[in-house]
Amino acid sequence: MLGDMIYNLRKEAGFSQEYLGNLANVSTSSIGMYEQNRRLPNIETLVSICEIFAVSSDYLLERSNNRSPYKKAIKKNETLISKRILELMDELDIGISSVSITTKIQKQRLENILNEMKKPNITEVISFAECFFETTDYILCLTDIRSTNIEQNLEWRYPPSSNRLGNILNKYRNKVNLSEQDIAKKLNINTETYMGIEMGKYIPSLMLLQKLSHVTGYDIDYLTGAVDIVSTRSHDELFEIDGKIFPVFYSEGNNHFKSRLEELCYNNKVDQNNVQEQLGLTKQEFIDICWNRMPTLSELLKISYAFNVSMDYLVGKTDVGLSSLSDDELALIMNYRDCLPAYKKNILDRSRDLSIESIEKKEKTSVAADEKYADSQGKSQPSSGTEGSTIAV
């Protein structure tokens, strides 16, 4: 952690907390809190500590094993962080909404940073660096040297389960044997931008989405998730029927459920050994679902209930993970699932009647509340055949 790095560098240099605080222009107690990971230094202090120990911010933030600082910026302290971020956005042709989603920085907060109304904190600087595949030194304007090791930066990232477009593009590249550079060239964009799209870091514009559709041959509806299956024509395979030649079409799909189940199990430490306790599924059922088949409705409900996510999220109909059903609603659905068809009809009819009855009672309660409120304001309520009149008080 950052505090451990500061502590180790300070001990290595033989500095006391007080001496380092004087050099960094902060109090001794602040240095102590940094080293205990109870507080993060601001950007100015972070830069000062980097300069004091002659290390890069990426090394201090444990984003790189390269201790040596990068070549200093020609116009150090003259280029603003906000300006650098805007330059990167312009270069990659991405908007503020995409950056906000990627960095998980609220849009209003991001706008304030770009308008120089707020300064980013360390966590936000790291998010910007990851978003644009750059070093934190570059984001902080400490160097003009661009990152040259993008592939290594991407290796550690766990792919987002909702990255439908990226998964489709990756499978397409492997199928037609194209590299990231090859497909980026076809799209007339730089390789870094394409890799960002495939990794789920960037959301392409409509124009770029149209280019992706043209290059891959996939409909935009399939790329965006409006449909789950698409037929693609083979360019070199034909078949003959009654002397007529027809092209071969292949059906392709993108399975959200498997990737989302994998991520949920990974994040919640669910595996074959504890699946019975965690999800209510047998070990064999779990293995079958992971490798051989889709879950039944009953199994899907158990998974949804255990992870507290909606079934729509599990099957890829929405990217909103939280379930909108309460515990009793989920229990009702699961019980309904096991009923005979005749009983299901009775349940539906009865639930419809109870729903109407509940709505009528709510309306009566609302009217009674309005009458009580009016009465409290000094007005009598109309009786049969009469009009209400004001009561003198």
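The numbers here are math on the coordinates, done by the rules we state, and not lab data. Quick caveat, the model's predicted, so the values are computed rather than measured. Glycine gets a Cβ as well: all are built from the backbone with ideal geometry, and neighbour counts include every protein chain shown.
See the values below:
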| item | result |
| --- | --- |
| Burial order of peptide ranges 273-280, 132-139 (average beta-carbon count within 10 Å, highest first) | 132-139, 273-280 |
| Per-residue HN-Hα couplings for the range 52-62 [Karplus 6.51, -1.76, 1.60; θ = phi - 60°; Hz; x = Gly/Pro] | 4, 9, 6, 10, 7, 5, 5, 5, 4, 8, 6 |
| Reachable lysines from Lys107, criterion Cα separation under 26 angstrom, eight or more residues apart if same chain | Lys83, Lys118, Lys119, Lys201, Lys317 |
| Under-5 Å amide H pairs with Thr135, H placed in peptide plane, nonlocal only | Ser147 |
| Nonlocal amide H pairs with Val309, under 5 Å, H built at 1.01 Å | Ser323 |
| Ranked packing of 187-198, 31-42, most packed first, by mean Cβ within 10 Å | 187-198, 31-42 |
| Extension gain (nm, one decimal) between Glu277 and Asp242, 0.36 nm per residue minus Cα-Cα | 6.7 nm |
| Cβ-derived FRET efficiency at R0 56 Å, Thr28 paired with Glu111, nearest 0.05 | 0.90 |
